[in-house]
Amino acid sequence: VLNTTEYLDMSVVNDRAVAAALPQLLTEWRMKKRWNTLSDETRSLHRDILQSYLQTGAPPNIEGLNADMIQDLCARDLIVMNDASIASAYPFSTAPTLHSVEINGVQVASVCAIDALGTGAMVGAASKVTSHCATCGMGISVEIANDGLTVLHSIPNAPRVWAGIVAISGCAATTQCQSMLMFCNQGHLDEWLNRAKDKPDGFNFSILHAVQAGAAIFRPFLAKTTG
Ligand SMILES: [Zn+2]
């Protein structure tokens, strides 16, 4: 069993339910990352890719980037390639999704709801997350303070986040993240759960708790030290 401090920042989690849920979420996905075995050069490239999304909303052109390092980042599922371009680098997606985040004046598509909610804590800046209810499609917006942890405001006022536990085959973007959804209220999450063919296994988070989960996952991505 790996020490969770190698890939999660548990210092931002003050809720027991979130602390208990995190080890059950993203298990294999997380273990592949192994920050401590990533070379400094590859980690620096990973940072540059994330900074490109943050500054322009898009990934860098991979021409001129080191192919071995790109392959290493893919093998760890830190980035996902689509032919010769970067399709996603968690928490960011190149193509639009249901979820996005506005941070430092730039709008970036997010791979999933937890990714969008954890971006502010990763960067250390105020953010505004936009998503859509998985039941009715209504727009949901959440403003998070520059600590990345304080929810300032949300519309509607009590959205829920479903963090599903799924067996990951392939990359997180096509399995795990599709089970991370936002709902405009508890009733719409209940409707979705009741309609599901097999009873989904996962966690029903408030926005505050989903922000903590996202912060724990994504703060290590741009952290100065790997711990
Ligand atoms: Zn709804």
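The values are calculated or read from the model by the stated rules, or taken from the named source; none is laboratory data. Keep in mind that this is a model prediction, so the values were computed, not measured. Ideal geometry is used to build each Cβ from the backbone, glycine not excepted, and the neighbour counts take in all protein chains shown. Remember, those area values only see protein heavy atoms, side chains included, never the ligands or the DNA or RNA. Shrake-Rupley method; radii C 1.70, N 1.55, O 1.52, S 1.80 Å.
Couple of notes before you dig in:
- Residue-level check: of (1) open to solvent by less than 40 Å² (accessible area, probe 1.4 Å); (2) within 21 Å of Glu102 (Cβ to Cβ), Thr56 misses just (1).
- Restricting Thr97, Thr119 to residues that are within 26 Å of His46 (Cβ to Cβ) and within 12 Å of the chain's Cα centre (by Cα) narrows the list to Thr119.
- Selection within the stretch 209-227: residues that are surrounded by fewer than 17 Cβ atoms within 10 Å (Cβ to Cβ) and touching a residue at least 12 places away in the same chain (Cβ under 8 Å). The member of this set that is farthest from Ala89 (Cα to Cα) is Gly227.
- Any hit, the stretch 142-152, residues being within 16 Å of the ligand (Cβ to nearest atom) and either under 14 Å from Tyr53 (Cβ atoms) or in contact with an Asp or Glu (Cβ under 9 Å, 6 or more places away or on another chain) (or both): no
- Qualifying residue in the stretch 145-167 (condition: in contact with a His (Cβ under 7 Å, 6 or more places away or on another chain), part of a loop (DSSP other than H, G, I, E, B) and within 17 Å of Met180 (Cβ to Cβ)): no
- Condition broken by Ile155, with the remaining ones in (1) touching a residue at least 40 places away in the same chain (Cβ under 8 Å); (2) open to solvent by 50 Å² or more (accessible area, probe 1.4 Å); (3) within 15 Å of the ligand (Cβ to nearest atom) satisfied: (1)
- Among the residues making up the stretch 119-141, those that are within 11 Å of the ligand (Cβ to nearest atom), surrounded by fewer than 17 Cβ atoms within 10 Å (Cβ to Cβ) and of a type in the set (Gly, Ala, Ser) are Gly137, Gly139.
- Leading residue by the ranking (farthest from Ile103 (Cα to Cα)) among those in the stretch 20-51 that are at pLDDT 90 or above and surrounded by 15 or more Cβ atoms within 10 Å (Cβ to Cβ): Thr42
- Residue under evaluation Thr42, criteria (1) out of contact with any Pro (no Cβ under 9 Å at 6 or more places or on another chain); (2) within 21 Å of Ser127 (Cβ to Cβ), criterion not met: (2)
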